[in-house]
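Asker: Take a look at the following structure, please.
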Amino acid sequence: MSDSRARRPDRGPAGGHIQNLKLKLVVLVIVCALPLFGSLSMWLRGISLIPLAAYGLVSVLAFFMYWADKRKARADAWRTPENILHAVELAGGWPGALIAQQVFRHKTRKVSFQILFWMIVVLHQVFWIDQLFLGANLLALF
């Protein structure tokens, strides 16, 4: 283990420490509210179960991909390419990725990664704002 790793406190699940946990839970609830409401609404209206299922299943996949990538990073092994992580986030796995980032303290400091991650989150928010409040008219313009 390198000296920098030896000096850092363990913030993963073994250490059980997530900094600013209450604030991060509030942010998680806020960013998940529209997709959850929209997905549930689509399912309850008989339109489709796919968005709800996709967010759940792909989030679990994203969580485990981050876990595996963190393990590989610690072992200096072959890593999961960032574009693969972002593709899974875009497919609906961003809630699981967000949780994994905090639990494993993985990919939280790389600014370029975080910018694209949050752009994906915003894209999902815009999609659900359009679906729920604008009659799917905004995205029809593109």
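Values quoted throughout were computed directly from the atomic coordinates according to the rules given, and no laboratory measurement underlies them. Since we're looking at a predicted model, the values are computed, not measured. Cβ atoms come from the backbone with ideal geometry, glycine included; neighbour counts cover every protein chain shown.
Asker: Positive end of the dipole of the chain, charges at C-beta (+1 Lys, Arg; -1 Asp, Glu), about the Cα centre: which of GLN19, LEU90, VAL29 has its Cα farthest in that direction?
Answerer: GLN19
Asker: Let me confirm the definition first: pairs of Lys residues in the chain, 8 or more apart or on different chains, C-alpha distance under 16 Å. How many are there?
Answerer: Close lysine pairs under the 16 Å cut-off: 4.
Asker: In percent, what relative contact order does the chain have, based on Cα pairs under 8 Å that are 6 or more apart in sequence?
Answerer: Value for the chain: 26 percent.
Asker: Which whole-number value in Å³ per residue fits the convex hull of the alpha carbons of the chain?
Answerer: Convex hull of Cα atoms, per residue: 122 Å³.
Asker: Sticking with this structure for a sec: Mean Kyte-Doolittle of at least 1.0 and a Cα length of 24 Å or more along the axis: which whole DSSP H helices of the chain meet both?
Answerer: Working: long enough: 21-44 (32 Å, 2.02); 50-74 (35 Å, 0.57); 111-133 (32 Å, 1.52).
Qualifying helices: 21-44, 111-133.
Asker: From the residues GLN101, LEU49, VAL121, which one has its Cα farthest along the dipole of segment 19-141 in the positive direction, the dipole being from +1 and -1 charges on Cβ of Lys/Arg and Asp/Glu about the Cα centre?
Answerer: Ranked along the dipole, the leading option is GLN101.
Asker: Around ARG79, under 15 Å between beta carbons, what's the net of Lys plus Arg minus Asp minus Glu among the other residues?
Answerer: With Lys, Arg at +1 and Asp, Glu at -1, the net is +3.
Asker: Let's see if you can work this out: charge +1 on each Lys and Arg Cβ, -1 on each Asp and Glu Cβ, no other charges. What is the dipole magnitude of the chain about its Cα centre, in debye to the nearest 20?
Answerer: 640 debye
Asker: Give me D for segment 84-142 in µm² s⁻¹, whole number, from Stokes-Einstein with Rh from the Kirkwood sum over alpha-carbon pairs, 10 °C and 1.306 mPa s.
Answerer: 128 µm²/s
Asker: Using unit Cβ charges (K, R positive; D, E negative) and no other charged atoms, how large, in debye to the nearest 20, is the dipole of segment 76-142 about its Cα centre?
Answerer: Computed charge dipole of segment 76-142: roughly 280 debye.
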